[in-house]
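The values are calculated or read from the model by the stated rules, or taken from the named source; none is laboratory data. Bear in mind the structure is a predicted one, so any value in this text is a computation, not a measurement. Heads up, the Cβs are rebuilt from the backbone with ideal geometry, glycines too, and the neighbour counts pull from every protein chain shown.
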């Protein structure tokens with residue numbers, strides 16, 4: 001594990017990865033998983049993460065109770081699988097996670113205007 005501090009090149013880092021693993025016990029809404037899915041990464045996440053994060057077809061939930069062997073087998077399955085990665089931006093926008101629209105929405109809230 002490498003703690004890199006604040007980064008401005010997250011898409012570049014995600015494009016260098018083979019898989020995104022998120023075995024969290026407690027989590028609100030993990031924006032990092034939206035970014036990982038947008039980059040086309042296969043994501044393995046714990047079954048304790050909200051279903052709201054299931055945006056693309058490249059995300060799979062695994063119970064933390066299954067143990068490390070099951071997690072390792074799934075990681076190997078996806079790591080060894082060769083597939084063309086496609087940016088999943090259309091799915092991200094469809095589910096309402098487009099930064100441009102989110103900014104407009106927040107501006108409307110802060111300025112006391114209705115969001116159109």
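I'd like to know if the range 78-94 contains one or more residues that are at pLDDT 80 or above and touching a strand residue (DSSP E or B) at 6+ places or on another chain (Cβ under 8 Å).
Residues of the range 78-94 that are at pLDDT 80 or above, as a first pass: 78.
If we keep only those that are touching a strand residue (DSSP E or B) at 6+ places or on another chain (Cβ under 8 Å) too, we end up with 78.
Looking for residues that are at pLDDT 80 or above and touching a strand residue (DSSP E or B) at 6+ places or on another chain (Cβ under 8 Å), one finds at least one in the range 78-94, hence yes.
Got a number for residues in the range 15-31 being at pLDDT 90 or above and within 18 Å of residue 92 (Cβ to Cβ)?
3
Of all residues in the range 103-116, which are at pLDDT 75 or above and at negative phi?
Going through the range 103-116, the residues at pLDDT 75 or above turn out to be 103-104, 106-112.
If the condition is that a residue be at pLDDT 75 or above and at negative phi, then 103, 104, 106, 107, 108, 109, 110, 111 are the ones that fit.
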